[in-house]
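The values are calculated or read from the model by the stated rules, or taken from the named source; none is laboratory data. Source: prediction; values computed, not measured. In this analysis, Cβ positions are derived from the backbone assuming ideal geometry, glycine residues included, and neighbour counts consider all displayed protein chains. These accessible areas exclude ligands, DNA and RNA; they are computed on the full protein's heavy atoms, side chains included. Shrake-Rupley method; radii C 1.70, N 1.55, O 1.52, S 1.80 Å.
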Amino acid sequence: MDNVTRPRILVVGAGFAGVGCVRRLERRLSPDEAEITLVTPFAYQLYLPLLPQVASGVLTPQSIAVSLRRSSKYRTRIIPGGAVGVDLRSKVCVIRTITDEIVDERYDYIVLAPGSITRTFDIPGLTDHAYGMKTLAEAAYIRDHVITQLDLADASQDPAERASRLQFVVVGGGYAGTETAACLQLLTHNAVKRYPRLDPGLIKWHLIDIAPKLMPELGDKLGRSAQEVLRKRGIEISLGVSIAKAGPEEVTFTDGRVIPTRTLIWTAGVVASPLIGTLGEETVRGRLAVTSQLNLPGRDGVFALGDAAAVPDEAKVATGVEGAVCPPTAQHAMRQAKVVADNVIATLRGQALKPYVHKDLGLVVDLGGTDAVSKPLGIELRGLPAQAVARGYHWGALRTGVAKARVLTNWTLNAVAGDDFVRTGFQTRRAAKLKDFEYTDAYLTPEQVRAHVEGTGTGSG
Ligand SMILES: Cc1cc2nc3c(=O)[nH]c(=O)nc-3n(C[C@H](O)[C@H](O)[C@H](O)COP(=O)(O)OP(=O)(O)OC[C@H]3O[C@@H](n4cnc5c(N)ncnc54)[C@H](O)[C@@H]3O)c2cc1C
């Protein structure tokens with residue numbers, strides 16, 4: 001039986017940040033101390049860093065969708081839906097459920113962890129023609145799409161069509177874009193052996209970025225090593241270049257080149273979830289400005305973390321980098337989750353809050369097969385040792401034993417038996433571009449949130 005007088009903790013978002021927080025709250029709070037509720041559109045926590053391996057078929061989609069309900073201490077109430085607005089004054093979160101109903105959820109403490117969405121720019125045709133790499137559906141879709149291009153190019157009698165179906169463009173030279181281009185290039189390289197009518201020389205991958213370097217976090221030497229691996233594999237890297245225009249059958253680069261292609265994958269950075277804009281509070285480049293205790297100054301019981309929040313990077317600030325903010329990485333989100341849970345509990349119990357301080361542990365970049373570069377604790381690694389560290393790190397970070405077993409089985413099976421390059425076709429004919437997967441038009445404005453809670457009377461209590 002529920003005790004309605006318990007304080008209500010509402011966590012928004014079931015990613016690295018939200019799930020990490022919920023699990024710690026479940027462990028550290030006794031059931032009669034607080035009621036924990038989680039709002040999430042999906043029934044799983046997505047392990048995003050392994051998405052490129054789903055797109056390239058090394059892992060099945062299910063293996064990186066970690067169950068929210070498989071946990072020994074699981075007792076959280078899960079609302080299947082997305083928060084579309086929050087009224088901080090009346091402590092009401094407005095939720096659109098997965099059946100499209102609008103419900104209001106009251107809370108005493110709120111933890112905002114809705115993550116980020118793909119950052120886009122005002123480039124003609126971009127949102128209509130580009131694919132993203134931020135959700136499980138997008139990764140599964142891209143895999144099918146790439147295999148579809150091979151199938152159609154193989155069947156086509158038209159040399160121009162063949163050539164355009166066999167060119168692929170990835171925008172974004174961060175780790176997400178680089179891993180995506182590298183892993184998918186390996187997919188087409190291996191798959192083409194099953195298409196004897198196709199000329200492997202026609203397959204061309206482009207990786208472009210407006211920045212002068214790929215993955216600058218790696219440093220010059222390691223960054224160059226990554227570029228060499230990709231160039232040796234035939235991936236054409238263009239730096240200082242972006243997209244001027246995107247169309248259904250061609251993409252125009254800012255350097256004037258026109259590439260006939262049916263595949264534009266856009267991974268040029270992220271911005272905080274549009275939910276943050278509904279609060280009407282101070283932001284830093286779209287991320288909610290919070291203190292190093294991860295709470296909102298001047299607002300009682302409001303916490304935020306992960307990609308959605310601008311959390312001061314105290315470790316960097318201590319080295320003299322004034323105003324440094326934690327980068328949007330899983331590494332930070334997972335660790336902030338523990339601090340935010342402890343601070344919610346401390347607030348509840350009237351204790352002192354602690355600050356978030358974490359020194360970056362480095363970066364791992366899987367380039368597919370035995371190729372990788374990584375920089376754990378500043379040590380530069382390449383090839384197999386780097387790949388062992390990359391896979392070991394991700395494997396260790398998966399939350400459940402079952403997810404670990406699925407991923408390990410998939411890696412083993414893929415290493416031994418390879419890929420069957422099967423196009424499943426179950427997503428064929430559905431809208432699947434950037435604008436279709438990230439639900440950016442679902443959110444309310446701060447004024448709409450206020451009008452809604454006043455209209456329903458939820459805000460008065
Ligand atoms: C391809 C790729 C590779 C990456 N590789 C690495 C890597 O190697 N190392 C690393 O450290 N980081 C990596 N990252 C970045 C890392 O995944 C993110 O920084 C991390 O996921 C942020 O955690 P989060 O909990 O803030 O957001 P997320 O993990 O994105 O979780 C946000 C959750 O909130 C949900 N949500 C969104 N909006 C709402 C809403 N309105 N209401 C309710 N729920 C909502 C989402 O469905 C999601 O479940 C990678 C990212 C990508 C895309």
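For this structure, a couple of remarks:
- With respect to (1) in contact (Cβ under 8 Å) with a residue 24 or more places away in the chain; (2) among the β-branched types (V, I, T); (3) farther than 30 Å from R28 by Cβ, the lone exception for T319 is condition (1).
Conditions tested, residue by residue: (1) outside any helix (DSSP H, G or I); (2) open to solvent by 20 Å² or more (accessible area, probe 1.4 Å).
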site	(1), (2)
R6	yes, yes
V19	no, no
E26	no, no
P49	no, yes
R75	yes, yes
I78	yes, yes
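- Matching entry among R231, R224, R197 (being assigned to a helix (DSSP H, G or I) and at pLDDT below 95): R224
- Residue in the stretch 343-371 that is nearest to the ligand (Cβ to nearest atom), counting only those that are open to solvent by less than 20 Å² (accessible area, probe 1.4 Å) and either out of contact with any Phe, Trp or Tyr (no Cβ under 6 Å at 6 or more places or on another chain) or part of a helix (DSSP H, G or I) (or both): D366
- From the list T267, T278, the lone residue that is open to solvent by 10 Å² or more (accessible area, probe 1.4 Å), under 22 Å from the mean Cα position of the chain (by Cα) and among the polar types (S, T, N, Q) is T267.
- Residues in the stretch 51-71 that are more than 11 Å from the ligand (Cβ to nearest atom) and in a loop (DSSP other than H, G, I, E, B): S56, G57, V58, L59, T60, R69, R70, S71.
- Residue tally, condition in a loop (DSSP other than H, G, I, E, B), within 15 Å of the ligand (Cβ to nearest atom) and surrounded by fewer than 22 Cβ atoms within 10 Å (Cβ to Cβ), over the stretch 286-338: 4
- Subset of the stretch 430-456 (residues that are part of a helix (DSSP H, G or I) and over 19 Å from the mean Cα position of the chain (by Cα)): P446, E447, Q448, V449, R450, A451, H452, V453, E454, G455, T456
- Top-ranked residue of the stretch 15-48 - restricted to ones that are β-branched (V, I, T) and within 20 Å of the chain's Cα centre (by Cα), ranked as farthest from the ligand (Cβ to nearest atom): V22
- Complete set of residues in the stretch 375-429 that are open to solvent by less than 40 Å² (accessible area, probe 1.4 Å), outside any helix (DSSP H, G or I), under 29 Å from A333 (Cβ atoms) and not aliphatic (A, V, I, L, M): T400, Q427
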